[in-house]
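Every number here is computed from the coordinates shown, using simple stated rules; none is lab data. On a predicted model such as this, the values are computed, not experimentally measured, just so you know. Because the Cβ atoms are built from the backbone with ideal geometry, glycine has one as well, and the counts that use them run over all protein chains shown.
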Amino acid sequence: MHYFVRLDDGDPIELDTGPAGLTLGDESLDTDLRRIEGTDVWLLRVGRRVHRVVALRGDGQGRWDLLVDGVPVRTEALDARTKHLREMTSALAGAAGPKPVVAPMPGLVMRIDVEEGDVVEEGRGVVIVEAMKMENELVAEGAGRAVRIAVSEGDAVEKGQVLVEFEALVEEGEEDA
């Protein structure tokens, strides 16, 4: 089985497990892992060396708090399917806060009705894009402050291209407490 393992917030390591042991990159390691019955202690043999591992579930899926020969190691081990699902859901979640205005189809930016720093209300028109010989007014989907105008008038844009980005408005009393 193929896994992605991260040790103590380091870079992920890809490894494969199977009947022949562990494969790390191009290197095959002769390994054996056995649990001491009735405990959280495992014996891990790598080649001729044996390591004592205490494994306790960590604070999330695939996360483990290990003691390897008495040394604490925080790990995350995800199989390929779980890693893929996590990447998809985090990509779909996107950034918190007001959604950026994006081009719904290829077109030409005719007019920009906001400037960086402007506060806009939900439904306010921010950009006019001409597409298929029609002018389309693109509106803010929520209230926010324009923090980046990513295009200029006359620019050709592609479907999905970000035109204007917003940040959430800070309510009075929410500032640094």
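Return the only residue of Glu87, Glu153, Glu130 being without any contact (Cβ under 8 Å) to a residue 60 or more places away in the chain and within 26 Å of Met1 (Cβ to Cβ).
Criteria check complete, one pass: Glu87.
From the list Glu153, Glu165, Glu137, which one is in contact with a Pro (Cβ under 8 Å, 6 or more places away or on another chain) and charged (D, E, K, R)? Let's see the steps before the verdict.
Numbers: Glu153 fails: in contact with a Pro (Cβ under 8 Å, 6 or more places away or on another chain); Glu137 fails: in contact with a Pro (Cβ under 8 Å, 6 or more places away or on another chain).
From the options Glu153, Glu165, Glu137, the qualifying one is Glu165.
Go through segment 12-34 and count every residue that is within 21 Å of Leu78 (Cβ to Cβ) and surrounded by 11 or more Cβ atoms within 10 Å (Cβ to Cβ).
Residues in segment 12-34 being within 21 Å of Leu78 (Cβ to Cβ) and surrounded by 11 or more Cβ atoms within 10 Å (Cβ to Cβ): 13 in total.
Scan Glu153, Glu130, Glu165 and give me the residue that is acidic (Asp, Glu) and under 29 Å from the mean Cα position of the chain (by Cα).
Exactly one of Glu153, Glu130, Glu165 is acidic (Asp, Glu) and under 29 Å from the mean Cα position of the chain (by Cα), namely Glu165.
Determine which member of the set Leu66, Leu78, Leu44 is surrounded by 12 or more Cβ atoms within 10 Å (Cβ to Cβ), among the aliphatic types (A, V, I, L, M) and touching a residue at least 40 places away in the same chain (Cβ under 8 Å).
Of the residues listed, the single one that is surrounded by 12 or more Cβ atoms within 10 Å (Cβ to Cβ), among the aliphatic types (A, V, I, L, M) and touching a residue at least 40 places away in the same chain (Cβ under 8 Å) is Leu78.
Contact list please: Cβ distance under 6 Å, first residue in segment 1-27 and over 13 Å from Arg63 (Cα atoms), second residue of a type in the set (Ser, Thr, Tyr), pairs at least six apart or on different chains.
Met1/Thr17; Leu15/Tyr3; Asp16/Thr23; Gly21/Thr31; Leu22/Thr31
May I ask you to verify whether Leu138 is surrounded by 14 or more Cβ atoms within 10 Å (Cβ to Cβ) and touching a helix residue (DSSP H, G or I) at 6+ places or on another chain (Cβ under 8 Å)?
Here the answer is no, as Leu138 does not meet what is asked.
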